[in-house]
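A.B. asks: Below is the structure I would like to discuss, written out as structure tokens.
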Amino acid sequence: AFDLAPLAIGSDTGGSVRVPAAWNELVGLKTSHGRLSNEGVVPLCARFDTVGPLCRGVEDAAESFAIMSGEAAPDLTDASLSSARFLILDPYASDVRDAPGAAFEAALSSLSKAGARFERSARADVDAAMDLAPILFSAEAYGTWKEVIAAAPDKMFARILARFRSGAAFSASDYVAAWQRLDQARAAFAEQTAAFDAVVLPTTPNLPPNRDRLLSDDAYYVTENLMTLRNTRVGNLMGSCGVSLPTPSPSCGFMMLCPPAAERRLLRLAKAAEAVLT
């Protein structure tokens, strides 16, 4: 039976669904942009903002998605990893801290025993898209909020305020050109990953950082903030839907990414993987 008690709804622009899911041993579903209505959501970057549920399990996530979309729930019966083919995306899967790396490799081993097949590859189009993030995110966020920020800058956390204001450095032509390059990168990524059922990588390359040090050490804040959002940003930039699954290791999530509007396929894969990982 579906239990609303464990349900929370988040907005996932940089990873605001998947990161808390990973660090709290929950299932977090990032939906495709435009798949669900953003009505009532405070915008950050409207061309990237999505909403999705954080739940205790994949079945709850599937039922939540059905309620939010007004569709029938995906059929998770007999979900299987037999002959499923996954792409491990490097360096995002390999350049990680020790605990998330060990948890990810252990998950790959368990899923392989259940019939999944894995290949590793680096994707230059993903790397190129990541370089566009400062333009795409900060320019839109600043364009949306600059008047509110200018009226009361002291209400915003100083480091976030600086990031918002960095969007003022980019011209309209910079922003348009960046979106054109991102569209090209997305097309290349879609073509080259079409033969795989999903792309997989650790949800976050790091564990939850130390709160007090985040507030007192600027270099630590920058390093941990960028690392925390790095892997989830792949899905946002590529337009993917994604899910973070808990692993036996605390605060170490396992992420699957599928093409836009493939939530039903994603949830079936996630259900099969959940049965192996938990």
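A.B. asks: Go through 268-277, 18-27, 172-181 and give me the packing order, highest mean Cβ count within 10 Å leading.
C.D. replies: 18-27, 268-277, 172-181
A.B. asks: Related question: Note down the accessible area of Met68, probe 1.4 Å, to the nearest 10 Å².
C.D. replies: About 70 Å², ignoring ligands and nucleic acids.
A.B. asks: While we're on this one: Normalised by the residues of the chain, what does the relative contact order come to in percent, with Cα pairs under 8 Å and at least six apart?
C.D. replies: Once divided by the residue count of the chain, the mean separation gives 29 percent.
A.B. asks: Continuing with the same structure: Within segment 225-242, whose backbone N sits under 15 Å from a point 7 Å along Cα→Cβ of Val41?
C.D. replies: 233, 235-242
A.B. asks: Sticking with this structure for a sec: Where Lys and Arg each count +1 and Asp and Glu each count -1, what net charge lies around Phe189 among other residues with Cβ under 9 Å from its Cβ? It would help to have the intermediate numbers written out before the result.
C.D. replies: On the way: positive: Arg123, Arg186; negative: Asp125, Glu191.
So the surrounding residues net to 0.
A.B. asks: Counting only protein heavy atoms and a 1.4 Å probe, tell me what percentage of the chain's accessible area is made up of carbon and sulfur.
C.D. replies: Of the solvent-accessible surface of the chain, carbon and sulfur hold 54 percent.
A.B. asks: Here's something else I'd like to know. Using a probe radius of 1.4 Å on heavy atoms only, what accessible surface per residue do you get for segment 123-163? Whole Å² is fine.
C.D. replies: That works out to 55 Å² for each residue.
A.B. asks: Please report the antiparallel percentage of DSSP beta bridges with both residues in the chain, rounded to the nearest 5.
C.D. replies: Restricted to the chain, the bridges split so that about 70 percent are antiparallel.
A.B. asks: Give the long-range amide H neighbours of Phe254: residues separated by 5 or more places, or on another chain, with amide H under 5 Å away, using H modelled in the peptide plane at 1.01 Å from N.
C.D. replies: So Phe254 has HN proximity to Thr203, Leu245, Thr247.
A.B. asks: Right, another one. Measuring from label point to label point, each 7 Å out along Cα→Cβ, what is the Arg56 to Asp127 span in nm?
C.D. replies: 4.4 nm
A.B. asks: Separate question: Under a cut-off of 18 Å between alpha-carbon atoms, report the lysines in cross-link reach of Lys146, not counting same-chain residues fewer than 8 places apart.
C.D. replies: Lys155
A.B. asks: Calculate, for Val276 and Asp154, the FRET efficiency according to 1/(1 + (r/R0)^6) with r their C-beta to C-beta distance and R0 35 Å; round to the nearest 0.05.
C.D. replies: 0.10
A.B. asks: Please list, in order along segment 120-128, the HN-Hα scalar couplings obtained from phi with the Karplus expression 6.51 cos²θ - 1.76 cosθ + 1.60 (θ = phi - 60°), rounded to whole Hz, x for Gly and Pro.
C.D. replies: 10, 7, 9, 10, 5, 5, 5, 4, 5
A.B. asks: Given the Cα-Cα distance of Ala73 and Val222 and 0.36 nm per residue of separation, how much length would full extension add, in nm? If you can, show how the numbers build up before the last one.
C.D. replies: Working: separation 149, 0.36 × 149 = 53.64 nm, distance 4.01 nm.
That pair, Ala73 and Val222, stretches by 49.6 nm at full extension.
A.B. asks: Shifting gears a bit: Counting only other residues whose beta carbon sits under 13 Å from that of Leu132, what net charge do I get with K and R as +1, D and E as -1?
C.D. replies: Computed value for this residue: -2.
A.B. asks: A further question follows. Seen from all sides and averaged, what is the projected area of the convex hull of the Cα atoms in the chain, in nm²?
C.D. replies: 14.7 nm²
A.B. asks: Go through segment 143-158 residue by residue and turn each phi into a ³J(HN,Hα) via Karplus (6.51, -1.76, 1.60, θ = phi - 60°); whole Hz please, and just put x for glycine and proline.
C.D. replies: x, 6, 10, 4, 5, 5, 5, 4, 6, 8, x, 5, 7, 9, 3, 4
The values are calculated or read from the model by the stated rules, or taken from the named source; none is laboratory data. Bear in mind that the values here come from a model prediction, so they are computed numbers and not experimental data. No Cβ is skipped: glycine too gets one built from the backbone with ideal geometry, and neighbour counts run over all protein chains shown. These accessible areas exclude ligands, DNA and RNA; they are computed on the full protein's heavy atoms, side chains included. Shrake-Rupley method; radii C 1.70, N 1.55, O 1.52, S 1.80 Å.
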